[in-house]
Amino acid sequence: MTPTQRTRTYWLEHAWLDTHVEPGVALTVTISGSAAGSDGRITAVRTGVDSPPPGAEILRGLTLPGLANAHSHAFHRALRGTVQVGSGTFWTWREIMYSFADRLTPDTYHALARAVYAEMALAGITAVGEFHYVHHAPGGTPYADPNAMGEALIEAAAEAGIRITLLDTAYLSSGFGQPPDPHQLRFSDGSADAWAERCSLLKERDHARIGAAVHSVRAVPAEQLATVARWAQERGAPLHVHLSEQTAENDACRAAHGCTPTQLLAEHGVLGRRTTGVHSTHLTDEDIALIGRSGTGTCMCPTTERDLADGIGPAVALQQAGSPLSLGSDSHAVIDLLEEARAMELNERLRTRTRGHWTAAALLRAASADGHAALGRDDAGTLETGAVADFTTVALDSVRTAGPLPRLGAETAVFAATAADVRHTVVAGRHVVRDGAHTLVPDVPRALARAVEALRA
Ligand SMILES: [Zn+2]
């Protein structure tokens, strides 16, 4: 052990060990580097430890691997409430969303994202996939640092104590053969080559990975899709894409290219094991087979999909075809990965009028290990030696969770708990949330209120 390393012991009253709840588990965590580093790892797991060892941090409740929020647009948090007045569709919602996007600056976005990521930590989320497309100043003029907005998000995640995969998004057109509209000018780099040049300036850090995204087949011309795919391939980076969220996108794609969005992506080399399709709501059987065969992942965002009246995607069929599932809070109508997990199952129950499409264990896997993998991390989402020391503890004695046997803790957490039951969140061995309070952002509700107010002004 070098002088910069130190160890810490966490005693977990109950721990989720991928298949079952284990009572009395001691985790040894080794932290190396600076206090701000994200390099704490689990170096030993001991079971059958009935009482806390001397000096151990005690985590009462059920400790889960840290949750992965695989799809986020941080600024959409500013729309909460505002977009619930009146009626409309996804497309009318989008107009309100653009009015907020128009007002973001690197400073106001940093303040908002810091508060939103702190809200995520309070909900047990230890890593976020930020699908980021507000790159330039309004009108499309680059900032002095062309990545000022992306850097603001990376910094915000560090200050909120969570990991980020910045999915830097290519957004070049408003529709098939259509230039960006005035709102979208600040999203566009002009071409996929210019997008790649800008993204290549972004640097990874302890807490931050850099990935790529194609906003959608509407927003990246077909002949430029391969440029984005190649950039991700060369770096072994995750590649995400909004896929068939709306039937209008499918209709426009068929009119322009004579095929579905999934087929278009397949044709241009976008599908594959590092790729995640987000939503994947309106697919044909052939689309599902293509996605499954290629090992492309699927990120479901059930609370957003129901909020935006998108529809219910074929998650069961996608998984059976070979597509790993992850979960995201996307528009942040709520930020609660436990709710996302149960909503995926409950949507399927409503649709099929049968129960039990996924076990609590399978839903937790989507909310943790498979979500982290979709964000380019294979060393997270499990409480095992060698994994990053990222975990979160859900109270089993709250008004929502008291009663069931502790061995049913996973079922209780997934089907009854909410983000309000998250008691502790540890990232890289460091307590980011302790007893329900954020340790780095002192007053998260106030930080949220101020950041949203600044955008309303
Ligand atoms: Zn999205």
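Taken over the stretch 179-203, the residue count meeting the criterion of being part of a helix (DSSP H, G or I), free of Cβ contacts under 8 Å to residues at least 60 places away in the same chain and open to solvent by 10 Å² or more (accessible area, probe 1.4 Å) is 6. Being touching a Gly at 6+ places or on another chain (Cβ under 9 Å), assigned to a loop (DSSP other than H, G, I, E, B) and either within 14 Å of Asp168 (Cα to Cα) or β-branched (Val, Ile, Thr) (or both) is a property that holds for Ala237. Residues of the stretch 72-90 that are among the small types (Gly, Ala, Ser) and loosely packed, with under 12 Cβ neighbours inside 10 Å: Gly81, Gly86, Ser87. Of all residues in the stretch 290-316, those satisfying the criterion of being more than 16 Å from the ligand (Cβ to nearest atom), crowded, with 16+ Cβ neighbours inside 10 Å and not polar (S, T, N, Q) are Leu290, Ile291, Gly292, Ile312, Pro314, Ala315, Val316. When the stretch 224-279 is limited to residues that are farther than 24 Å from Arg209 by Cα and touching a Phe, Trp or Tyr at 6+ places or on another chain (Cβ under 8 Å), the one that is nearest to the ligand (Cβ to nearest atom) turns out to be Glu245.
For the stretch 256-267, the count of residues that are of a type in the set (Val, Ile, Thr) and under 21 Å from the mean Cα position of the chain (by Cα) is zero.
For the stretch 33-71, the set of residues classified as away from the ligand (no atom under 16 Å from the Cβ), crowded, with 17+ Cβ neighbours inside 10 Å and closer than 21 Å to Ala208 by Cα consists of Ser38, Asp39, Gly40, Arg41, Ile42, Pro65, Gly66, Leu67, listed by residue number.
Do we have any residue at all in the stretch 344-367 that's among the hydroxyl-bearing types (Ser, Thr, Tyr), closer than 26 Å to Gly40 by Cβ and not in a helix (DSSP H, G or I)? No, every residue in the stretch 344-367 fails to be among the hydroxyl-bearing types (Ser, Thr, Tyr), closer than 26 Å to Gly40 by Cβ and not in a helix (DSSP H, G or I).
Residue by residue, here is whether (1) assigned to a helix (DSSP H, G or I); (2) crowded, with 24+ Cβ neighbours inside 10 Å; (3) touching a Cys at 6+ places or on another chain (Cβ under 7 Å); (4) not aliphatic (A, V, I, L, M) holds:
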{"residue": "Thr392", "(1), (2), (3), (4)": "no, yes, no, yes"}
{"residue": "Val399", "(1), (2), (3), (4)": "no, no, no, no"}
{"residue": "Gly403", "(1), (2), (3), (4)": "no, no, no, yes"}
{"residue": "Gly409", "(1), (2), (3), (4)": "yes, yes, no, yes"}
{"residue": "Val414", "(1), (2), (3), (4)": "yes, yes, no, no"}
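Condition (residue is open to solvent by 20 Å² or more (accessible area, probe 1.4 Å), more than 16 Å from the ligand (Cβ to nearest atom) and closer than 21 Å to Asp18 by Cα) applied to the stretch 344-352: is it met by at least one residue?
Start the filter on the stretch 344-352 by keeping residues that are open to solvent by 20 Å² or more (accessible area, probe 1.4 Å), which leaves 346-347, 349-352.
Keeping just the survivors that are more than 16 Å from the ligand (Cβ to nearest atom) gives 346-347, 349-352.
When the remaining residues are screened for being closer than 21 Å to Asp18 by Cα, the result is none.
Within the stretch 344-352 (the criterion being open to solvent by 20 Å² or more (accessible area, probe 1.4 Å), more than 16 Å from the ligand (Cβ to nearest atom) and closer than 21 Å to Asp18 by Cα), the answer is no, since none of the residues qualifies.
Take the residues of the stretch 209-223 that are more than 16 Å from the ligand (Cβ to nearest atom) and within 25 Å of Ala380 (Cα to Cα): which is least open to solvent (accessible area, probe 1.4 Å)? Please lay out each step first, then the result.
So in the stretch 209-223, the residues more than 16 Å from the ligand (Cβ to nearest atom) come out as 209-210, 221-223.
Restricting the remaining residues to those that are within 25 Å of Ala380 (Cα to Cα) gives 209-210.
Numbers: Arg209: 69, Ile210: 11 Å².
Here the answer is Ile210.
Arg450 passes every criterion in (1) touching a Pro at 6+ places or on another chain (Cβ under 7 Å); (2) under 25 Å from Leu79 (Cα atoms) apart from (1).
Between Val25, Val116, Val29, the distinction of being within 16 Å of the ligand (Cβ to nearest atom) and open to solvent by less than 10 Å² (accessible area, probe 1.4 Å) belongs to Val116 only.
From the list Ala321, Ala369, Ala341, which one is open to solvent by 10 Å² or more (accessible area, probe 1.4 Å), in contact (Cβ under 8 Å) with a residue 24 or more places away in the chain and either within 16 Å of the ligand (Cβ to nearest atom) or under 14 Å from the mean Cα position of the chain (by Cα) (or both)? First the steps, then the outcome.
Values: Ala321 fails: either within 16 Å of the ligand (Cβ to nearest atom) or under 14 Å from the mean Cα position of the chain (by Cα) (or both); Ala341 fails: open to solvent by 10 Å² or more (accessible area, probe 1.4 Å).
One residue alone meets the criteria, Ala369.
For the stretch 275-289, the candidate set comprises residues that are farther than 21 Å from Ala232 by Cβ and β-branched (Val, Ile, Thr); within that set, the residue that is most open to solvent (accessible area, probe 1.4 Å) is Thr284. Evaluating Asp206 against the criteria (1) surrounded by fewer than 20 Cβ atoms within 10 Å (Cβ to Cβ); (2) more than 29 Å from Asp370 (Cα to Cα) leaves one unmet condition, (2). For the stretch 102-112, indicate whether the set of residues that are assigned to a loop (DSSP other than H, G, I, E, B), free of Cβ contacts under 8 Å to residues at least 40 places away in the same chain, over 25 Å from Thr298 (Cα atoms) and not small (Gly, Ala, Ser) is non-empty. Yes, the conditions are met somewhere in the stretch 102-112. For the stretch 402-420, the count of residues that are among the polar types (S, T, N, Q), under 21 Å from Ala127 (Cβ atoms) and in contact with a Leu (Cβ under 7 Å, 6 or more places away or on another chain) is at least one.
The values are calculated or read from the model by the stated rules, or taken from the named source; none is laboratory data. Quick caveat: nothing in here was measured; it's all calculated off a predicted structure. Cβ coordinates were reconstructed from backbone atoms using ideal geometry, including for glycine residues, and neighbour counts include every protein chain displayed. Heads up: the accessible areas ignore ligands, DNA and RNA and are worked out on the full protein's heavy atoms, side chains in. Shrake-Rupley method; radii C 1.70, N 1.55, O 1.52, S 1.80 Å.
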